[in-house]
Amino acid sequence: MNSNRRYFLKVAGLSTFALAAGVGATVVKAMPQIKEPGDGSFTTTKNAIKGKRLAMVIDTRKFENETDMLPIIDACHKFHNVPNIEGPQEVKWIWQDSYAHSFTDDTSPLLPEQVKNRRYFLLCNQCSEPSCVRVCPVKATYKTEQGLVAIDYHRCIGCRFCMAACPYGSRSFNFSDPRRHMKDEDLNMEYPTRMRGVVEKCTFCAEKLELGELPICVQASKGGIMFGDLSDPESNVRKALAENFTIRRKPGIGTDPGVYYII
Amino acid sequence: MYNAKYIIPGIILFVVIFTLPFWMNIFTPKYNYPELAKPVGPNGEVLECVEPAEWMRANHMDLLIEWRDSALRDEKRIYVSSTGKEWETSLQKTCMECHTDYNKFCDTCHVQNAVEPYCWDCHIKPQGNN
């Protein structure tokens, strides 16, 4: 008798539990998914330019002298609110220099005249193995999934380790408030400035890529600078690299730079 | 009670001082939210914010930090709000497009509450009001 009662209670209890769980699950499923304010999610735009290894190919034959290059440099600096400061405290995202200063590994003294005399665009090489990222003590500079080297200015403490680590001199420090060197009416309202005490550099226009637009310098170069994904064999940069002889800056140090120069 | 004439007034005084914040709170005027310059559309209608305005008032700083981290670290620059609408996660391009009056919008509360956010060290204040 006792054992029967006990058995009955066991079965009854388990059945009740099973029933409640089943009913509960269906009710939860059937409940409409109400989102509270602030429960939003993040996504990317559909036409964003994406790639595993975004890179740039510069056709240096199309930029013989500084007059060809200055409009492109200006376009970049104007869009990104880069101040124009003379002297050792200058801030630059893209600039130009001679062959000897650009390709320091090449020791040949007998270069063709036009190669020797040409000016070369210099900018952040967006390395695959960026030494700047390795030394940043606060992870303010980091590699994105697209293979770009980005900076979070909010987090930068201005220690300048990255500037010491960068083999290409691509990084600039804001020794003073950059707004002091720009007129309010010249500021681009679509892009922030930086503040005193942070390091800045070219970003390959990550925010433009997100909107499906090419970097400013590529747009302004009228075909002289190509931009695309190196991991895609059909991309324009892969085609340019297949058809032309290209060199990179300081390839021997193992940073795998992503800016190629057609000589 | 031994020394009652000192102890009892002492206790009363202690209780009054100890509970002073409550008394002061009762007698000070209620905190009023300052009147903000709410963005209006071309026909005078109040524009929809990213999230309900009531929620934004309390949580805009957290939302902005989430936006920042998502845009910079995850490279996701579109925010799908709880109402399903999509917004570009940009302080200058999205927020400031409607909130064009820095002094009468941002600063009104920030000054009253003695908050000094450092957004504007880098981000550019809406033009004409700085």
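Nothing in this text is a laboratory measurement; each read-out follows from the coordinates by a stated rule. Quick caveat, the model's predicted, so the values are computed rather than measured. Backbone-built Cβ (ideal geometry, glycine too); neighbour counts: all protein chains shown.
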Practice prompt. Look at residue A:218 and say whether it is under 18 Å from residue A:128 (Cβ atoms), surrounded by 14 or more Cβ atoms within 10 Å (Cβ to Cβ) and either in contact with a Leu (Cβ under 8 Å, 6 or more places away or on another chain) or among the β-branched types (Val, Ile, Thr) (or both).
Written response: no
Worksheet item: Which of the following residues is free of Cβ contacts under 8 Å to residues at least 12 places away in the same chain, closer than 17 Å to residue A:43 by Cα and in a loop (DSSP other than H, G, I, E, B): B:116, B:75, B:66?
Response: B:75
Discussion item. Checking the condition touching a Leu at 6+ places or on another chain (Cβ under 8 Å), charged (D, E, K, R), farther than 20 Å from residue A:77 by Cβ and touching a residue at least 12 places away in the same chain (Cβ under 8 Å), which residue from A:256, A:229 passes?
Written reply: A:229
Item to complete: Scan the helices (runs of 4 or more DSSP H) fully inside segment A:176-263 and keep the ones with 2 or more residues being within 11 Å of another protein chain (Cβ to nearest Cβ) and out of contact with any strand residue (DSSP E or B) (no Cβ under 6 Å at 6 or more places or on another chain).
Response: A:206-210
Discussion item. Every residue in segment A:15-39 that is of a type in the set (A, V, I, L, M) and more than 14 Å from every other protein chain (Cβ to nearest Cβ), please.
Written reply: A:18, A:19, A:20, A:21, A:23, A:25, A:27, A:28, A:30, A:31
Worksheet item: Taking segment A:84-106 as the search range and keeping residues that are among the aliphatic types (A, V, I, L, M) and either within 14 Å of chain B (Cβ to nearest Cβ) or not in a helix (DSSP H, G or I) (or both), which one is nearest to residue A:261 (Cα to Cα)?
Response: A:94
Practice prompt. With respect to residue A:247, determine if the residue is surrounded by fewer than 16 Cβ atoms within 10 Å (Cβ to Cβ), out of contact with any Leu (no Cβ under 6 Å at 6 or more places or on another chain) and not polar (S, T, N, Q).
Written response: yes
Discussion item. Among the listed residues A:257, A:233, A:192, identify the single one that is of a type outside the set (Lys, Arg) and within 24 Å of residue A:116 (Cα to Cα).
Written reply: A:257
Item to complete: Can you run down the residue pairs with Cβ atoms below 6 Å, 6 or more apart or on separate chains, where the first is in segment B:37-49 and over 16 Å from residue B:104 (Cα atoms) and the partner is small (Gly, Ala, Ser)?
Response: B:47/B:41
Worksheet item: When you go through B:75, B:51, B:88 one by one, which is the residue that is farther than 30 Å from residue A:133 by Cβ and within 11 Å of another protein chain (Cβ to nearest Cβ)?
Response: B:51
Worksheet item: If you check A:50, A:62, which single one turns out to be closer than 30 Å to residue B:82 by Cβ and either surrounded by 15 or more Cβ atoms within 10 Å (Cβ to Cβ) or touching a residue at least 24 places away in the same chain (Cβ under 8 Å) (or both)?
Response: A:50
Fill in: Selection within segment A:56-83 - farther than 16 Å from residue A:170 by Cα and not in a helix (DSSP H, G or I)
A:57, A:58, A:59, A:63, A:64, A:65, A:81
Discussion item. For a quick check of your reading of the model, give me the residue pairs whose first member lies in segment A:196-218 and is among the aromatic types (Phe, Trp, Tyr), whose second is part of a loop (DSSP other than H, G, I, E, B), with beta-carbon atoms closer than 7 Å and at least 6 apart or on different chains.
Written reply: A:204/A:126; A:204/A:148; A:204/A:215
Worksheet item: Any residue at all in segment A:2-11 that is aromatic (Phe, Trp, Tyr) and touching a Gly at 6+ places or on another chain (Cβ under 9 Å)?
Response: no
